[in-house]
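The values are calculated or read from the model by the stated rules, or taken from the named source; none is laboratory data. None of these values were measured; they are calculated from a predicted model. Cβ: placed from backbone, ideal geometry, glycine included. Neighbour counts: every protein chain shown. Accessible surface areas use protein heavy atoms only, side chains included; no ligands, DNA or RNA. Shrake-Rupley method; radii C 1.70, N 1.55, O 1.52, S 1.80 Å.
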Amino acid sequence: MPGEEQDTGRWRRRLTVLSAAIAAIAAVLADKADDPLHWVPLTVVTGIGAVTAAWCTLAPRRRADAGGSAEASETAVPEGERGHAARALPAHPSAPATAVTALGRAGHAARGLPARQPTFRGREAELDALLDSYRAQRRQRTPAPVRGPVVLALHGPPGVGKSAMQLELAWRLVAHHPDGVLFANLGQAARRRPPYDVLHGLLTELGWPEEEILSASLQDRINVFRALTVGKRILVVLDAARDIDQLNALIPGDPECTVLITSRRDLVSAYGFPSTAVRPPGPDDALAILTAYCQMDGAVVPHLAVEITELCGRLPIALRAVGDRIRHGGGEMRPVLDLLRPEDSRLDALTYGGRSLEERLGTEYDRLTDDERTAFCRLSMVETASFTPWVIRVLTPVSVSTGDPVTTADAANLAAALAAAGLLDEVSADPSGFPRYAFHPLTRVFAGKRLVTLMPDPLDREKVNDQLRRAVLAACCKVLSVLEDRPIGGEYGDVLLPEINGWAERVAADVDHWISAELPHLVRAVEDAHLASDGEACWLIAAWLDHWPEGLVDRDAVRRAFELAWQAAVGSGRQEATSRVLRATERLLALRDYGDYRTVLMVLVTAAYEAGKAGREDLRQMVQLLIDQVLDMWNEDGGPDGRSPG
């Protein structure tokens, strides 16, 4: 009778909710219990509750399949809920057909993975490490008493390829999860999907009646989701997680399940789960990714492709945009390269085909506090490849939100917050006691653009830059005072130096690291010492410079610094000064390894001129010998453009 069927359905649904709730509560208590006398019975109760809930859900579906009442028909997931069509997981050639099944084989449809990306390339080392972690975690749960699902999380900055790596990893794990796959995107751009909405789609995939889903609270949905996944080998793929609250609601409790998570920030390490930091791929992988996206035989010209991948910072999202541009442009690389070379238009050139790195960076930037935004933008003024948090204190001496002075601890916290957001990378430890941070090249370009918006007046930006240069000079003099064992430099009492006891002594103890890390600042400090009429600091800073990596410092800045150092050394009338600067000039010969003889010769010509002007014939002759040596080496290499330099 219809009335009896309605009453039966109503009681069955009530029993289902009650059973699911009992199973979920028992699962939580079992997870917290340490004594087998406690958690074994609770695990049994969990299983009974889950089986009862599943039976209540599936019984009408079995009757419907047999031609009976179809009270609970399968409900399609709304288009805005899923992002990818819900479907049984398609077989992949690398996975046995019998291993890829629908959830439960009882009328449940698996939320299918997005199709495997034919353009995916590289990342083999990272994927192998993740698969090793999967196997290790799985061994801990079979039969060891580790409870809870296997969790493999990836975190990293926007556009670094987290989702693509997660998808490839999921496809490689499909065969280990015969009960199917649940996939959910937890956010797009600035939009965060509430767990309540995500669970609607997941419970629909698990076959829960639509009317029960609509009437269930968030906690009810969580309880039912965890109950229906008990004892199932289900792969749960959660992409673009925004916060831990989402994950708390969406991670099943059963150790048979596996959960893959991507997020920009590391959301799970603090809770005992491993999370892998995803970095841009290496040069070879980046070239392979670009080639795959071009999808045209002969489109990739090797030397142009190398420059393109570096201008893209090897970010997959940028490589895809460029590859699409090349493909749609008939396979021509040079026009795209011309768009990328100017820094002020690079991010615009990387916005293509509905993908925008600038937009993704912008969503993370918008989540920052006012102080974090100010620090982020002003850090783009730093010339070195990496920096310590101390410079934040120099660039932003006063909090824009409270008006209070920014301490060294505040600066360290700001840098750590920017790193957590994926907008800075922590790259190494510094002898001063700080960590060193660095921008990704494209993130630095983004920060520079936002700086102009934040400080539209060029005079304001110049004032902040002057603060930084003066502070760097003061720090240089502090370290030189330790190295030379005597006071160097003038008074810089108003400069905000690091608030760490003995920082200068620590830096001086590893002087090679200091010179390598701060080389652009040190070259600039030579000129700043000259402008401050501090001749001794001017030539001393240059005398300590002996590291010249390719591309790290502008050659004109190097030439200008050494010309000023020679003026200061000769003008001091001290033989020690000229001898030390001469030795430093000899070390400039390292530039010839990069084909740069001209910079060395121009410095030496200046040195000879200054020596002659000061009546130092002995010094002038020594410099002339060095000039002749450089000319001979240049002639051996064919001179400029294969011609003799003479």
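Relative protection proxy for 254-262, 207-215, from highest mean packing down: 254-262, 207-215 (other beta-carbon atoms within 10 angstrom). A Förster radius of 30 Å combined with the Cβ-Cβ distance from ARG192 to ASP284 puts the calculated FRET efficiency at roughly 0.25. Surface analysis of region 290-430 yields an accessible area of 41 Å² per residue, using protein heavy atoms and a 1.4 Å probe. Region 124-162 and region 516-566 have Cα centres spaced 48 Å apart. Computed over protein heavy atoms with a 1.4 Å probe, the carbon and sulfur contribution to the accessible area of region 284-438 reaches 49%. Surface composition of region 457-501: carbon plus sulfur atoms hold 48% of the accessible area, using a 1.4 angstrom probe and ignoring ligands, DNA and RNA. Ranking VAL406, VAL301 from most to least accessible surface, computed with a 1.4 Å probe over the protein chains only, gives VAL301, VAL406. Heavy-atom accessible surface of ASP632, to the nearest 10 Å², is about 90 Å², with a 1.4 Å probe and all protein chains retained.
Given a 1.4 Å probe and the protein chains as shown, TYR437 ends up with an accessible area of around 10 Å². Backbone geometry of region 562-570 corresponds, through the Karplus equation with coefficients 6.51, -1.76 and 1.60 at θ = phi - 60°, to 3J(HN,Hα) couplings of 6, 4, 5, 4, 5, 4, 5, 5, 5 Hz, x marking Gly and Pro.
The order of the peptides 611-617, 392-398 by mean Cβ neighbours within 10 Å, most packed first, is 392-398, 611-617. Protection proxy ranking of 518-525, 303-310, by the mean of other Cβ atoms within 10 Å over each peptide's residues and highest first, is 518-525, 303-310. Sorted largest first, the spans of the alpha carbon positions of region 223-379 along the three principal axes are 57, 44, 25 Å. Given points 7 Å out from each Cα along the Cα-Cβ axis, report the GLU124 to ASP628 separation in nanometres with one decimal. Here the modelled spin labels are 5.6 nm apart. Per residue, region 160-259 exposes an accessible area of 29 Å² to a 1.4 Å probe, with every protein chain left in place.
Spin-label model, ARG327 to GLN295: label points 7 Å out along the Cα-to-beta-carbon direction sit 0.3 nm apart.
A Förster distance of 30 Å, applied to the separation of the beta-carbon atoms of ALA277 and ASP485, puts the FRET efficiency at 0.10.
The residues neighbouring TRP544, those whose beta-carbon lies less than 12 Å from its own, together hold a net charge of -1 under the Lys/Arg +1, Asp/Glu -1 convention.
Scalar couplings 3J(HN,Hα) for region 248-262, obtained by applying the Karplus form with A = 6.51, B = -1.76, C = 1.60 to θ = phi - 60°, are 4, 7, 10, 8, x, x, 7, x, 6, 7, 10, 10, 10, 10, 10 Hz; x denotes Gly and Pro.
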